[in-house]
Amino acid sequence: MAHDTPPRWDRKMQQRLSRGEAAALGELYDQFAVLVHGLAHRVLEDEDEADAVTREIFARIWEHPERFDPRKGSMRSWIAGLTQELSVQRLRRHRSADRPSELVEQQVAAASAAARADYIRNSMPASLRAALELAYIHRRDYRQTARQLGVTEDEARRRLRLGLQLLSTAAGGALPALGRSGLGSER
């Protein structure tokens, strides 16, 4: 994904953390605190809980940097996965006390999909993100999107199609199927 850090940086950061370099933890926090807090807040919908998850994630990383395996993906992806896992655990624990388990699981699934979608949207190339924002936030059709981005209509449709395909992975493919234009129906 576009914002993933280079594997070499990931390995060096892990080595520095393993040696107990407090400055490394500070750099890691500067690099990923916004991501962690944003994902946690998206799942938990609570600022204090998101703050607590953020603190706990960086404490876990500090205590166990060896758990990161660069062969399985980037440090960014690992941290995002830890954040989602911890956030979902907290959500289940807090909501299960006063709601039926089926409702809690539905809320957990929806929050997890939303958090994955946010992560994917924030990680996709800026050109795809800009096209999606124009089409779905600013309600532009693909022709208007093309004009505003200064690209051909075919390129706008391609960007929208690819962006939607990436987002559909967050919902486990549950987004509507794309039509020939890449948007289902044209607006």
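The values are calculated or read from the model by the stated rules, or taken from the named source; none is laboratory data. Treat the numbers as computed from the prediction; the structure is a model and nothing was measured. No Cβ is skipped: glycine too gets one built from the backbone with ideal geometry, and neighbour counts run over all protein chains shown. Ligands, DNA and RNA are stripped out before the accessible areas are found, and what is left, the full protein with its side chains, is counted by its heavy atoms. Shrake-Rupley method; radii C 1.70, N 1.55, O 1.52, S 1.80 Å.
Charges at C-beta only: +1 for Lys and Arg, -1 for Asp and Glu. How large is the resulting dipole of segment 125-168 about its Cα centre, in Debye rounded to 20?
The calculated dipole for segment 125-168 is roughly 60 debye.
Give me the distance in nm between label points sitting 7 Å out from Cα along the Cα-to-Cβ direction at A33 and S77, one decimal.
It is 2.7 nm.
What nm value, rounded to one decimal, do you get for the distance between D48 and T169 when each label is placed 7 Å out toward the C-beta?
Result: 3.7 nm between the two label points.
With a cut-off of 15 Å, note down the residues of segment 38-81 whose backbone N falls inside the zone around a label point 7 Å from the Cα of A114 toward its beta carbon.
Hits in segment 38-81 for A114 at 15 Å: 38-50.
Rounded to the nearest whole Å², what accessible area per residue is found for segment 59-135 with the 1.4 Å probe?
51 Å²
With r defined as the distance between the Cβ atoms of A23 and L103 and R0 fixed at 45 Å, what FRET efficiency is calculated, to the nearest 0.05?
The formula returns an efficiency of 0.50 here.
So what are segment 125-168's ellipsoid semi-axes, whole angstrom, largest first, if each one is the square root of 5 times an eigenvalue of the alpha-carbon gyration tensor?
Largest first, segment 125-168 gives 14, 11, 9 Å.
Taking N as the number of residues in segment 1-144, what value does Rg over Cα atoms divided by 2.2 N^0.38 Å take?
Dividing the Cα Rg of segment 1-144 by 2.2 N^0.38 Å gives 1.18.
Leaving out ligands, DNA and RNA, what percent of the accessible area of segment 61-162 is carbon and sulfur, probe 1.4 Å?
The nonpolar share, carbon plus sulfur, comes to 48 percent.
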